[in-house]
Amino acid sequence: MKTLKYWLISGYTKGLIGMAIFYALGFYLIQAMRNASGAEYDPNPGVMIGAIFSVIGFLLFAGVLTDWLKWIVGKRPPLKHGPPQGRPEWTRYINVDNNHKVIGIQYGITGLFVFLVGGLFALTFRLELSQPGMQFLTYKGYNTLFSAHGIVMIVSILLGVGAMSNYLVPLMVGASDMPFPRLNAFSYWVSIPPIVLVLAAMVVGGWDTGWVGYPTLSLRGAIGTQLFLLGFYLFGFSSIASSINIIATVAFMRAPGMSLFRMPIFVWGALSAALIQLTATQTVGISLLLSVMERSFGMTFFDPAAGGQPILYQHLFWFYSHPVVYVFVLPGLGVISELLPVFARKTLFGYKWIALSSLGIALVGFLVWAHHMFVSGMADSLRIPFMVTTLFVAIPTGVKFFSWVATLWEGKISFETPMLFVLGAISVFLIGGITGPILGTIPSDMPLHDSYWIVGHFHATMFGGFVFPYFAAIYYWYPKVTGRMYNEKLGKLHFWLMVPGFWVMSFGQMSAGIAGMRRRIADYDPALGVTGTQILITIAAFVIAWSVIIFVYNLIASARRAPMTNPNPWRSRAPEWQTASPVPELNYDETFEVVGGPYDYGKGTPAYVNMHPAAVPGD
Amino acid sequence: MSVGTVEDHAEHHGVELSPEQQVKANRFGLWLFFISEIFLFTALLVARFFLWGNTRPELNQVVGLIATSVLLISSFFVYRGETAIEHGDKKRFMSNFLWAALFGTLFFIGVVVLEWNIFGLSGEIAGIEIFGTLKPTDGVFGGVFFAMTGIHALHVLSGILLLLAAWYNGRKNNYSATDNWGVEGTALYWHYVDVVWVFFYPALYLIGTAV
Ligand SMILES: [Cu+2]
């Protein structure tokens, strides 16, 4: 009963109420203005202004903007810190809180929830695809489900990246928090209303464009399309705000002695991802906003019927949407590089090369976007250059593979769940990596581009580059976050169901693609001979789903176990394992000092960090 | 925790920022935001050159030139206001920021009332029609012109609100010669929005042949 009461007065509830009120306000304001001027009925402008208002309403009611509004009227409210007064501690997780670890957990739980929703969409249309013909979905329903699966999973991955970056980066560099804690809370809370908008889009008619939202279909689609475009656009504010904090944390809040090349390697991945989020998000934002304006105000940018250029949308869209896969993958690969030395008890091979390869992938990633447009009818002269740059991505990626193999070489490897997921991630990322150049090469891209091959390739890079490393990270840092060890047996069961399941799914998707199965299509010709493969993929998808349920159960059940007795179960040299679990409010007892290399396992060299330096005078 | 009490300092913690470092971090964070916004404005310029190529719509050159000058003058007032508060001259800071907000508003009105002509007026001064005729629905000319001026005008509007907030905080004695991040940040933002217009103005009004 008490619990329900706390939920009813939580930031989420208040925010959603504000969202509804402000949406109605914006929508009816525009409708009234249009009625007064005698314009004919068109919901698009009202929905646009309503959606933008709704985000403001959410933030206002949830309490995200309170301190800033007080600043404007000349007050100087102190930063709220520590657990809430007069309420149980857990309620800080459902209210606006400025602590980077609380925000990291909020990102993580929201991300997992959204991940489950996106997975449910996938299972639904996967079941539909297991037989040719239409079983229980309409064409429209199929289109909406696969489109929503795409954007919802992307949002969930971005939230997962936010979870790791927010929780780990300040902790790893020795900071007490991020430099702009209120902005940090803003970047989490501003991500919620766009999720609501996208889910609402499914209810009011859905949309057919996939997550890419190409015009001209996006300009002509029903009102659900408008809500989807707006939700996608507004989510960008979260990415940009969060990236500013991460970059500034690395720039300003590193512990004494922590030079850039002595940071834990994950920080390099998070930093490179943040640099992409900071910049590229703007171009996809503008491509979506222009689409929304084209729908709302009869302006012309992309509709060729009125002199626009649909290809312009694709250029702006992919300028973000190619690099954004590195936003997912670079933190994921960072986790792999971070965990391998711990479980191999060996130093990370070629630290500097790995660190710089993250930056390298981020930079080259900006020069390859048009490989998504080889079959779009763009200028022929652009094709070869973009093919060449695309193939260049293989170089920094290869550096990482080489370094991982060399790190494992002759290591004293132990196979706990996090390590299993790291190894599984490498195997799956290898599948995704090898199938990439085939798509980057124009002649082989032509027949494969709109086939299921690309579905297989993309899911392999996403699972190998992010999802599996993320599971590894959750298992690895679960004891740090909760002070309790997860259930190892269930963890291993999760692994042995999910990774082989994924292999089957991946190879199934690619072979269906070669056989001629097209992507984004609700139905297929039984003469293709892929029905057996489709059944196999569907079964694999359900095995994966079961393993995820086991994973979620493990997280919840293990939180009730007895506290750990061993403060450093992985015998890690990293600073976050030298402080208490769960981590104290401001992370460390004292500012530590970096005195050694981060990954000098088994060398007998001094520790990485010295937790008790001589007291600094005046602090 | 820039505003720490004795108890706060007894608390255990990792690296924290001193007030001076916090201002440096604020400045850095604002510049990161500017870098981010460069991609927004560049994308709009890309759209302009992609869709207009070497042409542009017929626009009122006199209004464009005057609006641009008004905006640049506002930046000059902001600069004077910021210098004033750095010397501890609160009065001069406040009057200059108010002037800047006024000129910013004039620019905003120039765009919305004259160029956009949202009230659908017409009229001449010295034989020159001062109200715009281009509409947002006029193909790619209208679309790009209204998108670029509109997104820029939103930045001007938020800048005006920041200038007024800084002015109000000045009235409340929240700034001194050494503690004035609010003024500095606002000034930086205003100059930035101005510089963006320096790129937008020629792209919209000068480059290409009018058709
Ligand atoms: Cu790509």
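The values are calculated or read from the model by the stated rules, or taken from the named source; none is laboratory data. Nothing here was measured: the structure is a model prediction, and the numbers come from that model. Reconstructed Cβ throughout: ideal geometry from the backbone, glycine too, with neighbour counts over all protein chains shown. When the accessible area is computed, the model is the full protein with side chains, heavy atoms only, and any ligands, DNA or RNA have been set aside. Shrake-Rupley method; radii C 1.70, N 1.55, O 1.52, S 1.80 Å.
So, with +1 on the Cβ of K and R and -1 on the Cβ of D and E, and no other charges, what is the size of the charge dipole of region A:48-108 about its Cα centre, to the nearest 20 debye?
Values: 7 positive and 3 negative charges, 41 e Å.
In total the dipole reaches around 200 debye.
Placing a label point 7 Å from the Cα of A:Ala251 along the Cα-to-Cβ direction, the residues of region B:11-49 whose backbone N falls under 11 Å from that point are B:24-36. Take the Kirkwood radius over Cα pairs of region A:407-549, plug it into Stokes-Einstein at 10 °C and 1.306 mPa s, and you get 97 µm²/s for translational diffusion. Listed by chain and number, the lysines whose alpha-carbon sits under 29 Å from that of A:Lys603, ignoring those within fewer than 8 places in the same chain, are A:Lys346, A:Lys352, A:Lys400, A:Lys412, A:Lys480. What's the extension gain from A:Asp42 to A:Leu391 if we count 0.36 nm per residue and subtract their Cα-Cα distance? Result: 121.0 nm gained on full extension.
Using the Karplus relation 6.51 cos²θ - 1.76 cosθ + 1.60 with θ = phi - 60°, the per-residue 3J(HN,Hα) values for region A:563-572 come to x, 5, 9, 8, x, 9, x, 9, 6, 8 Hz, with x marking Gly and Pro.
Couplings 3J(HN,Hα) for region A:78-95, derived from phi with the Karplus relation 6.51 cos²θ - 1.76 cosθ + 1.60 (θ = phi - 60°), are x, 5, 6, 9, x, x, x, 8, x, 9, x, 5, 5, 5, 5, 7, 10, 10 Hz, where x marks Gly and Pro. Across the options A:Pro256, A:Gly210, A:Ile286, the greatest Cα extent toward the positive end of the charge dipole of region A:207-356 (unit charges at beta carbon of Lys, Arg, Asp, Glu) belongs to A:Pro256. The calculated FRET efficiency for A:Ser130 paired with A:Ser427, based on their beta-carbon distance and R0 = 25 Å, is about 0.45.
Rounded to a whole number, what is D in µm²/s for region A:1-97 from Stokes-Einstein with the Kirkwood radius over alpha-carbon pairs (37 °C, 0.692 mPa s)?
Numbers: Rh = 15.5 Å.
Roughly 212 µm²/s, to the nearest whole number.
At the residue level, A:Glu585 shows approximately 50 square angstrom of accessible surface with a 1.4 angstrom probe and all protein chains present. Taken residue by residue and averaged, Cβ atoms of other chains lying within 10 Å of the Cβ of A:123-135 number 0.
DSSP beta bridges in the protein assembly as shown, what fraction antiparallel, as a percent rounded to 5?
Details: 5 of 8 bridges.
Rounded to the nearest five, the antiparallel share is 60 percent.
For A:Lys5, a cut-off of 18 angstrom between C-alpha atoms picks up these lysines, skipping any fewer than 8 places away in its own chain: A:Lys14. Database remark: amide H of B:Arg56 closer than 5 angstrom to the amide H of B:Thr209, B:Ala210, B:Val211 (H placed geometrically; neighbours at sequence offset of 5 or more, or on other chains; Pro and chain starts carry no H).
Tell me which DSSP H helices of chain A clear both cut-offs, 30 Å or more of axial length from alpha-carbon atoms and a mean Kyte-Doolittle hydropathy of at least -1.0. Walk me through the numbers before you get to the answer.
Working: long enough: A:11-36 (37 Å, 0.77); A:100-129 (42 Å, 1.29); A:139-173 (50 Å, 1.18); A:223-252 (45 Å, 1.57); A:265-297 (48 Å, 1.26); A:323-344 (31 Å, 1.87); A:417-440 (34 Å, 1.81); A:488-515 (40 Å, 0.62); A:531-558 (40 Å, 1.83).
In chain A, the long hydrophobic H runs are A:11-36, A:100-129, A:139-173, A:223-252, A:265-297, A:323-344, A:417-440, A:488-515, A:531-558.
Across chain B, counting alpha-carbon atoms alone, Rg and Dmax equal 20.8, 74 Å. Here region B:125-194 is treated with +1 on each Lys and Arg Cβ and -1 on each Asp and Glu Cβ, and its dipole about the Cα centre works out to around 200 debye. Label-to-label distance for B:Lys91 and B:Thr133 is 5.2 nm, based on points extended 7 Å past Cα in the beta-carbon direction. Each of A:Val481, A:Met462, A:Ala406 was placed along the dipole of region A:403-519 (beta-carbon charges, centred on the mean Cα), and the one lying farthest toward the positive end is A:Val481. Backbone N atoms of region A:126-163 closer than 11 Å to the 7 Å Cα→Cβ label point of A:Arg520 belong to residues A:147. Residue by residue along B:25-38, Cβ atoms of other protein chains within 10 Å of the local Cβ number 5 on average.
Only helical DSSP H runs with n ≥ 4 go in: add -39500 (n - 2.57) per run for chain A, normalise by residue count and round the 222 nm mean residue ellipticity to 500 deg cm²/dmol. Display every interim value, and only then the final one.
Working: 22 runs with 399 residues, N = 619.
Calculated at 222 nm, the ellipticity per residue is -22000 deg cm²/dmol.
For the protein assembly as shown, the gyration tensor built on C-alpha atoms gives an oblate shape. Its axis ratio a/c (a ≥ b ≥ c) is at least 1.5, and a/b is not larger than b/c. Loop sites here are trypsin sites (Lys or Arg not before Pro) outside DSSP states H, G, I, E and B with no more than 10 other Cβ atoms within 10 Å. The longest part of chain A free of them is A:1-411.
Contour minus end-to-end for A:Lys5 and A:Ala562, with contour as 0.36 nm per residue of separation and end-to-end as the Cα-Cα distance? Show your work: numbers first, answer last.
Values: separation 557, 0.36 × 557 = 200.52 nm, distance 2.82 nm.
Additional length available on full extension: 197.7 nm.
Here the protein assembly as shown is treated with +1 on each Lys and Arg Cβ and -1 on each Asp and Glu Cβ, and its dipole about the Cα centre works out to around 1420 debye. Distances between placed amide hydrogens fall under 5 Å for A:Tyr524 paired with A:Gly133, all partners being 5 or more residues away or on another chain.
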